[in-house]
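Engineer: I'd like to ask some things about the structure below.
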Amino acid sequence: NTVLYTGNGGTQSITGVGFQPDFTWARARSIVENHVLYDSVRGATKDLRSDLTNAENTNSTGLTAFGSDGFSIGSVAFVNQNSATYASWNWKAGTAFSNDASATGVGSIDSAGSVNTDLGFSIINFTGTGSVLTVAHGLSKAPELIIEKSRDKADYWLVYAAPIGNTHGLILSGTNAALDSDTFWNDTSPTSTVWTMGTQNAVNNSGQETIAYCFHSVDGYSKIGTYTGNGNADGPFVYTGFRPAWVMIKRTDVVNNWLIFDTERDVYNVAGLELFANLSNAENNNTPEFDMLSNGFKYRATYAGSNASGGTYIYMAFAEQPFKYANAR
């Protein structure tokens, strides 16, 4: 669920999420500021920033607690500058997960975190070895998108995306096209129990902790896929099977930004209010860019970041929480 709010420069509780979030990604809209990502596995006050390579930061005036209907924040500008506007994107995991690899025979190292098998999402923490390893992800199906960051080390964010295959990776903190390297995933696709890490020390450095956000598509709720742009104002229609409420897009064949849209900021079609996962820029209005439809989204413009002729793109889209998976209040 996306919740918008306005900063007050002091402390406040943000409510209206509809559940206790385990992963909150917050971003200022009206000012230049970093993205900040929090999760219940690492603990409140501990942020990572998708537009930077910084190691994990502990800040007592950032997100200070997760609550039953949202989260509490302190006075720091990246979550609560007076009069600035913000978007928060929230996901629920909620079931504790722990895997002792030597006892279960699943994976080559221990891992722990929080999972939601119904909604295809898990938050997994593990300690790198510097060697090829396998990590239990806690889901019932193979992840199609994995976003990883070393907690202890200043280095880039690495992204596995099934649509580009196991020989390539993307950098969330950069604009890079898909990069070919067997040190990312050891050219091995995730399975229903584990994913494989290569020797890339950005996220598999010996003795250092890494956090991973793992997702797979769920009918009627989420979709991870790919499309090809046509460079036309009558652009491609991308079928998701639901009305998207949040979409992240990345062009994979050339250098380009990561684009994030949601229907709390863009309430009506035609939409185009962008935030960039890899940049600290204030919100950009690229309307008219696309329509959010009952079963997908359709492009209405020819921007290179989303609909260049022959451009290849990946996307991850979520519906508003469907009734089938509703949380009791």
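Engineer: Quick check on my filter: what residues within segment 307-329 are assigned to a loop (DSSP other than H, G, I, E, B) and modelled with pLDDT of 90 or more? Break it down into steps so the answer makes sense when it comes.
Structural biologist: Pass one, segment 307-329, residues assigned to a loop (DSSP other than H, G, I, E, B): 308-311, 320-322, 326-329.
Residues satisfying the conditions are A308, S309, G310, G311.
Engineer: Any residue in segment 118-136 that is without any contact (Cβ under 8 Å) to a residue 24 or more places away in the chain, over 25 Å from L279 (Cα atoms) and outside any strand (DSSP E or B)? Give the derivation first.
Structural biologist: From segment 118-136, those without any contact (Cβ under 8 Å) to a residue 24 or more places away in the chain are none; that's our starting set.
Looking through segment 118-136, none of the residues is without any contact (Cβ under 8 Å) to a residue 24 or more places away in the chain, over 25 Å from L279 (Cα atoms) and outside any strand (DSSP E or B).
Engineer: Which of (1) touching a Pro at 6+ places or on another chain (Cβ under 8 Å); (2) open to solvent by less than 30 Å² (accessible area, probe 1.4 Å); (3) on the phi < 0 side of the Ramachandran plot does P244 not meet, given it meets every other one?
Structural biologist: P244 satisfies every listed condition except (1).
Engineer: Counting just the residues of segment 10-26 that are open to solvent by less than 40 Å² (accessible area, probe 1.4 Å) and not aliphatic (A, V, I, L, M), which one comes out farthest from L172 (Cα to Cα)? Give the steps one after another, and end with the answer.
Structural biologist: Filtering segment 10-26 for residues open to solvent by less than 40 Å² (accessible area, probe 1.4 Å) gives 10, 14, 17-19, 21-26.
Filter once more, so that each one left must be not aliphatic (A, V, I, L, M): 10, 18-19, 21-25.
Details: G10: 31, G18: 28, F19: 27, P21: 22, D22: 20, F23: 17, T24: 17, W25: 14 Å.
Top of the filtered list is G10.
Engineer: Can you say whether Y239 is over 19 Å from V132 (Cα atoms), crowded, with 19+ Cβ neighbours inside 10 Å and at pLDDT 95 or above, as far as the supplied structure shows? If you could, list the steps in order and put the result at the bottom.
Structural biologist: Numbers: over 19 Å from V132 (Cα atoms): yes; crowded, with 19+ Cβ neighbours inside 10 Å: no; at pLDDT 95 or above: yes.
It is false that Y239 is over 19 Å from V132 (Cα atoms), crowded, with 19+ Cβ neighbours inside 10 Å and at pLDDT 95 or above.
Engineer: Among residues belonging to segment 137-146 that are open to solvent by 10 Å² or more (accessible area, probe 1.4 Å) and either among the charged types (D, E, K, R) or not in a loop (DSSP other than H, G, I, E, B) (or both), point out the one that is farthest from A317 (Cα to Cα).
Structural biologist: We begin by selecting, within segment 137-146, every residue open to solvent by 10 Å² or more (accessible area, probe 1.4 Å); these are 138-142, 144.
The next check asks that each one be either among the charged types (D, E, K, R) or not in a loop (DSSP other than H, G, I, E, B) (or both); those that pass are 141, 144.
Working: K141: 18, E144: 12 Å.
For segment 137-146, the residue satisfying everything is K141.
Yes/no matrix, rows are residues, columns are (1) modelled with pLDDT of 95 or more; (2) in a loop (DSSP other than H, G, I, E, B); (3) at positive phi; (4) surrounded by fewer than 17 Cβ atoms within 10 Å (Cβ to Cβ):
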| residue | (1), (2), (3), (4) |
| --- | --- |
| Y156 | yes, yes, no, no |
| Y160 | yes, no, no, no |
| P163 | yes, no, no, no |
| N166 | yes, yes, no, no |
| F184 | yes, no, no, no |
| D187 | yes, yes, yes, yes |
| P190 | yes, yes, no, no |
| W195 | yes, no, no, no |
| V203 | yes, yes, no, no |
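Engineer: Need pairs with beta-carbon distance below 6 Å; first residue within 21 Å of N285 (Cβ to Cβ) and of a type in the set (F, W, Y) and within segment 296-314, second part of a helix (DSSP H, G or I) and open to solvent by less than 50 Å² (accessible area, probe 1.4 Å); sequence gap 6+ or separate chains.
Structural biologist: Correct list of pairs: Y299/N307.
Engineer: Which strands (runs of 3 or more DSSP E) sit wholly inside segment 27-113 and have at least 2 residues that are of a type outside the set (G, A, S) and open to solvent by less than 30 Å² (accessible area, probe 1.4 Å)?
Structural biologist: Details: elements: 36-39, 63-67, 70-73, 85-91, 95-99.
The strands (runs of 3 or more DSSP E) meeting that bar are 36-39, 70-73, 85-91.
Engineer: Also: Any residue at all in segment 288-306 that's assigned to a loop (DSSP other than H, G, I, E, B), open to solvent by 20 Å² or more (accessible area, probe 1.4 Å), among the hydrophobic types (A, V, I, L, M, F, W, C) and at negative phi? Walk me through how you get there before you give the answer.
Structural biologist: Just the residues of segment 288-306 that are assigned to a loop (DSSP other than H, G, I, E, B), to begin with: 294-295, 300-303.
Okay, now just the ones that are also open to solvent by 20 Å² or more (accessible area, probe 1.4 Å), so 294-295, 300, 302-303.
From the residues that got through so far, the ones that are among the hydrophobic types (A, V, I, L, M, F, W, C) too are none.
There is no residue in segment 288-306 that is assigned to a loop (DSSP other than H, G, I, E, B), open to solvent by 20 Å² or more (accessible area, probe 1.4 Å), among the hydrophobic types (A, V, I, L, M, F, W, C) and at negative phi.
Engineer: Okay, next question. Under 7 Å between Cβ atoms, at least 6 apart or on separate chains: pull out the pairs that start in segment 183-200 with a residue that is under 21 Å from K141 (Cβ atoms) and without any contact (Cβ under 8 Å) to a residue 60 or more places away in the chain and end on any residue that is open to solvent by 50 Å² or more (accessible area, probe 1.4 Å) and among the small types (G, A, S).
Structural biologist: These pairs meet every condition: S192/S140.
Engineer: For segment 205-218, give me each residue that is in contact with a Gly (Cβ under 9 Å, 6 or more places away or on another chain) and outside any loop (DSSP other than H, G, I, E, B).
Structural biologist: Going through segment 205-218, the residues in contact with a Gly (Cβ under 9 Å, 6 or more places away or on another chain) turn out to be 205-212, 214-218.
Correct list: E209, T210, I211, A212, C214, F215, V218.
Engineer: So is A233 part of a loop (DSSP other than H, G, I, E, B) and either at pLDDT 95 or above or hydroxyl-bearing (S, T, Y) (or both) or not? Give the derivation first.
Structural biologist: Numbers: part of a loop (DSSP other than H, G, I, E, B): yes; either at pLDDT 95 or above or hydroxyl-bearing (S, T, Y) (or both): no.
When the stated conditions are applied, A233 does not pass them.
The values are calculated or read from the model by the stated rules, or taken from the named source; none is laboratory data. Keep in mind the model is a prediction, meaning the values are calculated, not measured. Quick reminder, even Gly has a Cβ in these numbers, built from the backbone with ideal geometry, and neighbours come from all protein chains shown. Just so you know, the surface numbers come from the protein's heavy atoms only, side chains and all, with ligands and any DNA or RNA stripped out. Shrake-Rupley method; radii C 1.70, N 1.55, O 1.52, S 1.80 Å.
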